[in-house]
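Worksheet: the structure to be examined is printed underneath.
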Amino acid sequence: MTPAGRGRQQTLAVPDAPSLLAGMGKKDDPKLMQEWFKLVQEKNAMVRYESELMIFARELELEDRQSRLQQELRERMAVEDHLKTEEELSEEKKILNEMLEVVEQRDALVALLEEQRLREKEEDKDLEAVMLSKGFSLNWS
């Protein structure tokens with residue numbers, strides 16, 4: 001599971017709505033259905049916002065970790081290499097490797113966020129298509 005996926009609810013996608021939509025007839029209240037679609041959209045927006053916040057929180061954790069590693073490395077590099085033991089040189093390499101891992105994790109979070117945004121656009125298009133097919137307007141405001 002991705003760091004941002006912990007505790008994350010899935011957005012309510014169009015396939016989750018067929019049971020409600022299947023029972024719709026001419027006598028169903030269009031205003032009620034319009035409100036339902038609006039609530040689905042609002043719920044999706046809130047779940048998406050929560051997911052983004054979780055990603056941003058993880059990004060801050062990684063940024064802090066990277067900053068502390070850089071500071072530690074600067075302190076260690078202030079000493080000339082010829083004065084260091086093998087253990088100290090090895091520790092510097094470990095810090096560098098950990099810094100690289102942190103950078104890779106931060107890059108992965110950026111990619112995850114972009115992937116989520118693309119998926120969300122598709123989900124919105126699907127919901128809008130269902131709305132239009134049922135004759136509802138798209139005024140989300």
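Here are a few things to note about the model shown:
Results for (1) over 30 Å from MET99 (Cβ atoms); (2) within 29 Å of the chain's Cα centre (by Cα); (3) modelled with pLDDT of 95 or more, shown as yes or no for each residue.
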{"site": "LYS27", "(1), (2), (3)": "yes, no, no"}
{"site": "PRO30", "(1), (2), (3)": "yes, no, no"}
{"site": "GLU42", "(1), (2), (3)": "yes, yes, no"}
{"site": "MET54", "(1), (2), (3)": "no, yes, yes"}
{"site": "GLU61", "(1), (2), (3)": "no, yes, yes"}
{"site": "GLN66", "(1), (2), (3)": "no, yes, yes"}
{"site": "GLN70", "(1), (2), (3)": "no, yes, yes"}
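- Residues located in the stretch 104-138, provided they are more than 17 Å from the chain's Cα centre (by Cα) and open to solvent by 30 Å² or more (accessible area, probe 1.4 Å): LYS125, ASP126, GLU128, ALA129, LEU132, SER133, LYS134, GLY135, SER137, LEU138
- Looking only at the stretch 72-91, residues that are over 24 Å from GLU59 (Cα atoms) and touching a residue at least 12 places away in the same chain (Cβ under 8 Å) come to 4 in all.
- Some residue of the stretch 78-100 being open to solvent by less than 70 Å² (accessible area, probe 1.4 Å), of a type in the set (Asp, Glu), in contact with a Lys or Arg (Cβ under 8 Å, 6 or more places away or on another chain) and under 30 Å from LYS31 (Cβ atoms): no
- Output for the stretch 44-67, where each listed residue is loosely packed, with under 12 Cβ neighbours inside 10 Å and over 30 Å from LYS121 (Cβ atoms): ASP64, SER67
- Test: SER67 is hydroxyl-bearing (Ser, Thr, Tyr) and under 30 Å from LEU32 (Cβ atoms): no
The values are calculated or read from the model by the stated rules, or taken from the named source; none is laboratory data. Every value quoted in this text rests on a predicted model; they were computed, and no experiment measured them. In this analysis, Cβ positions are derived from the backbone assuming ideal geometry, glycine residues included, and neighbour counts consider all displayed protein chains. The accessibility values were calculated without ligands, DNA or RNA, using every heavy atom of the protein model including side chains. Shrake-Rupley method; radii C 1.70, N 1.55, O 1.52, S 1.80 Å.
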